[in-house]
Amino acid sequence: MIDVKHLTKWYGPVLAVDDISFHVAKGRIVGFLGPNGAGKSTTLKILTSYLPATSGKVTIAGHDVLSDSIEVRRNIGYMPESVPLYPEMRVRELLMFRAALRDIPAGERASVVDRVAERCWLSKPEDVMRRRVGELSRGYKQRVGLAEALLHNPPVLVLDEPTIGLDPNQIRAMRELIQRLGEDHTIILSSHILAEIEQTCNHIMVIAGGKIVADGTPEELRQKVLGPSQVMVELRGSDPSELAGAVKSLAGVRNVTDSRTGDWTRLLIECDGKADRRAEIYRLVSEKGWQLRELRHTVGSLEDFFVQITYEQNMQAGQRMAQ
Amino acid sequence: MGKALTLARRELTAYLFSPIAYIIGAGFLLLSAGWFFINIRIGGEASLRPLFDGMAVLMVLAVPLMTMGLLSKEFDSGTIETLMTSPVTETEVILGKFLGVMVFYVALLASTIVFLGLMIAFGRPDPGVAAMGYLGMILLGAAYVSVGIFASTLTRHQIVAAIAAIGILGFFVIVMGLVVRLGVRPWADLAAHLNAMTYFRDFSRGVFDSRGLVYFLSAAALFLFLSVKTLESRRWR
């Protein structure tokens with residue numbers, strides 16, 4: 001449905017998107033995950049044909065975004081990050097206006113608007129459709145933005161940060177709505193919140209510094225990201241090198257690093273594969289008569305991975321600034 | 001064309017909800033009424049000509065205030081993004097904005113018919129002059145509005161757009177007139193050809209001159225074309 005090949009975008013001297021390629025099959029919900037400034041919004045703006053790419057080729061439903069832009073726009077419903085709306089218009093009036101721009105025949109507009117409004121929970125408190133957009137709360141504006149994107153029932157939905165600025169209840173409602181929409185739309189959305197993407201999407205692309213740094217289903221990603229399992233232990237009873245040496249001689253232990261915290265020694269024990277060696281370590285400690293104050297199995301999470309990516313991107317940006 | 005009309009209607013409704021439209025309307029009518037009464041007393045005769053000439057100069061200030069937000073507001077709020085990701089072309093957007101403002105402009109112009117009514121009550125104004133004067137005002141308005149729209153495509157700041165439009169219009173309407181008056185050749189001759197008032201005075205005298213028609217219409221076409229190109233330019237910048 002969405003096909004991106006070697007997409008690159010420069011904003012003057014700044015490289016925003018760096019040679020990315022991906023394909024989104026019909027009916028998938030794909031999440032772009034990345035820190036602020038990673039190139040998510042830029043990529044989405046190119047997909048919707050709002051911005052041209054510096055180089056590369058993007059096709060949506062078989063139409064090229066550059067040469068066949070109008071046809072691409074007909075196939076896409078787009079909600080930009082800030083959800084820009086005309087504040088002086090009433091909700092119904094705005095949706096009717098958008099429906100007219102979307103080539104929906106005059107006779108069908110009212111019923112289309114009603115249907116979409118119901119889907120986006122705009123019809124419930126009776127007066128919402130009659131209120132001025134400028135008077136609405138952030139959550140309602142977001143729903144109006146989504147309703148706009150859905151009017152022409154597009155095969156592809158592009159949602160830039162659909163849950164930003166919403167309260168927890170609204171976030172949950174939005175998430176459910178997106179999942180329901182995923183049944184008959186191909187959706188591509190962006191977020192810088194991992195939990196968001198993990199729960200809504202069946203495919204995640206992690207973007208940082210304009211590049212796709214990881215890509216897969218949430219499960220695959222977790223498998224890829226998780227390193228070897230680690231055990232952290234704090235104990236005392238002998239000098240650090242002896243403690244480390246004894247632990248290292250255990251079966252299945254790959255590497256041990258020691259550090260001191262007061263008169264306690266902290267050992268970080270890297271084990272082979274995903275094995276959990278806590279029982280063996282405890283047995284060793286009790287045989288030797290050492291004192292133990294903490295014994296913990298640590299598993300790398302997607303969160304850690306994401307934090308690390310963000311950190312690296314910021315470091316690189318910092319270095320570029322310094323140069 | 002259908003979409004341009006949809007856009008024009010939205011623009012016009014947005015106008016009616018913004019205080020700026022009423023301020024411009026009231027300001028324009030107040031100033032042109034003042035101008036009308038001053039001229040009626042001094043001249044002592046019911047001539048429409050000074051009224052039209054005065055309105056043409058007043059519009060140099062009024063029109064840029066009408067057009068300043070047309071695109072700059074869309075850039076500033078980001079609505080340009082949802083607009084340009086809808087299946088509408090840049091030409092339709094510019095044309096829609098143009099038509100929307102022209103309706104407002106003509107409505108404002110129509111309210112000055114009150115002055116004409118007063119003249120009929122106290123004298124015998126020439127109906128031919130009145131008709132040509134209003135035709136001239138509409139042609140002049142089309143050119144002014146196009147310049148205003150062009151200025152509005154250049155920036156996301158409304159005030160900057162207004163100042164730019166007043167600058168361009170002031171150059172063709174007022175500065176050129178001053179150069180003509182200075183009379184330094186060959187500049188004065190050139191200025192006479194570029195001066196909008198040279199052409200407008202034919203209309204306000206009650207004379208139809210095709211040169212004026214061509215001047216105003218081609219100015220409108222040129223600036224609308226430039227507006228479309230500036231709006232498109234985000235695609236190749």
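What follows is calculated from the coordinates using simple rules that are stated; it is not laboratory data. No experiment lies behind these values; they were computed from the predicted model shown. Every residue, glycine as well, gets a Cβ built from its backbone with ideal geometry; the counts of neighbours run over all protein chains shown.
Between the helical axis of B:49-67 and the dominant principal axis of chain B, each derived from Cα atoms, what acute angle in degrees is found, rounded to the nearest 10? Around 10 degrees separate the two axes. Have a look at A:51, A:128, A:206 and report the one farthest towards the positive end of the charge dipole of chain A, computed about the Cα centre with Cβ charges (Lys/Arg +1, Asp/Glu -1). So the residue we want is A:128.
Seen against the Cα atoms of chain B and their longest principal axis, helix B:210-232 is set at about 20 degrees.
Result for chain A in a Gaussian network model with C-alpha springs under 10 Å: among A:168, A:155, A:35, the largest mean-square fluctuation is at A:168.
For chain A, the mean residue ellipticity at 222 nm estimated from helices alone is -11500 deg cm²/dmol, where every DSSP H run of n ≥ 4 contributes -39500 (n - 2.57) and the total is divided by all residues, rounded to the nearest 500.
Residues whose amide H comes within less than 5 Å of that of residue A:254, counting only those at least five positions distant or on another chain, are A:270, A:271, A:272 (H built at 1.01 Å from N in the peptide plane). Defining a contact as two alpha carbons under 8 Å apart and six or more residues distant in sequence, what relative contact order in percent does the range A:230-298 show? Dividing the mean separation by the residue count of the range A:230-298 yields 47 percent. For chain A, set up a GNM with springs between Cα atoms under 10 Å and report which of A:13, A:154, A:240 has the largest fluctuation. Among A:13, A:154, A:240, the largest mean-square fluctuation in the Gaussian network model of chain A belongs to A:13.
Shown in residue order for the range A:61-74 are the 3J(HN,Hα) couplings computed by the Karplus curve 6.51 cos²θ - 1.76 cosθ + 1.60 at θ = phi - 60°: 6, x, 9, 6, 5, 8, 7, 10, 4, 4, 5, 4, 4, 5 Hz (x for Gly and Pro). Here the contact order of chain A, divided by its residue count and restricted to Cα pairs under 8 Å and six or more residues apart, works out to 19 percent. Our coupling estimate for the range B:155-169, obtained by passing each phi through the Karplus curve with A = 6.51, B = -1.76, C = 1.60 and θ = phi - 60°, is 8, 8, 9, 4, 5, 4, 4, 5, 5, 4, 5, 4, x, 5, 5 Hz, Gly and Pro reported as x. Backbone phi angles across the range B:14-31, fed through the Karplus curve with coefficients 6.51, -1.76 and 1.60 (θ = phi - 60°), yield HN-Hα couplings of 4, 4, 5, 9, 9, x, 4, 4, 6, 5, 4, x, 5, x, 4, 5, 4, 5 Hz in residue order; Gly and Pro are listed as x.
Quick one: grab the alpha carbon gyration tensor of the range A:106-165, order the square roots of its eigenvalues as a ≥ b ≥ c, and give me rounded if a/c is under 1.5, else prolate or oblate depending on whether a/b is larger than b/c. Verdict is oblate for the range A:106-165. In terms of distances greater than 18 angstrom between alpha carbons, the cross-link table entries A:5/B:229; A:45/B:97; A:45/B:229; A:5/A:45; A:57/A:211 yield A:5/B:229; A:45/B:97; A:45/B:229. Largest GNM mean-square fluctuation across A:34, A:209, A:12, computed for chain A with C-alpha springs under 10 Å, falls on A:12. Near the amide H of residue A:207, within less than 5 Å, lie the amide hydrogens of A:33, A:34, A:213, all on another chain or at least 5 residues away, with H placed in the peptide plane.
Counting neighbouring beta carbons within 10 Å and listing from fewest to most, the residues B:10, A:266 come out as A:266, B:10. Evaluated with a Cβ-only charge set (Lys, Arg +1; Asp, Glu -1), the protein assembly as shown carries a dipole of roughly 920 debye about its Cα centre, given to the nearest 20. With a ≥ b ≥ c the root eigenvalues of the C-alpha gyration tensor of the protein assembly as shown, is it rounded (a/c under 1.5), prolate (a/b larger than b/c) or oblate? In terms of gyration-tensor shape, prolate.
Charges were assigned to the Cβ only: +1 to each Lys and Arg, -1 to each Asp and Glu. The resulting dipole of the range A:230-298 about its Cα centre is roughly 140 debye.
With only the Cα atoms considered, the range A:2-225 has a convex hull volume of 121 Å³ per residue. Taking every DSSP bridge with both residues inside chain A, close to 70 percent are antiparallel. For the protein assembly as shown, the share of DSSP beta bridges that are antiparallel, to the nearest 5, is 70%. Considering the dipole of the protein assembly as shown built from charges on the beta carbon (Lys and Arg +1, Asp and Glu -1) around the Cα centre, which of A:110, B:165, B:140 is farthest to its positive end? Towards the positive end, the residue furthest out is B:140.
Per residue of chain B, the DSSP helices (runs of n ≥ 4 H) give a summed -39500 (n - 2.57) that works out to -26500 deg cm²/dmol at 222 nm.
Roughly how tilted is helix A:106-119, in degrees to the nearest 10 and between 0 and 90, from the longest Cα axis of chain A? Here the helix axis deviates by roughly 30 degrees.
Rg of the Cα atoms in chain B, relative to 2.2 N^0.38 Å, amounts to 1.05.
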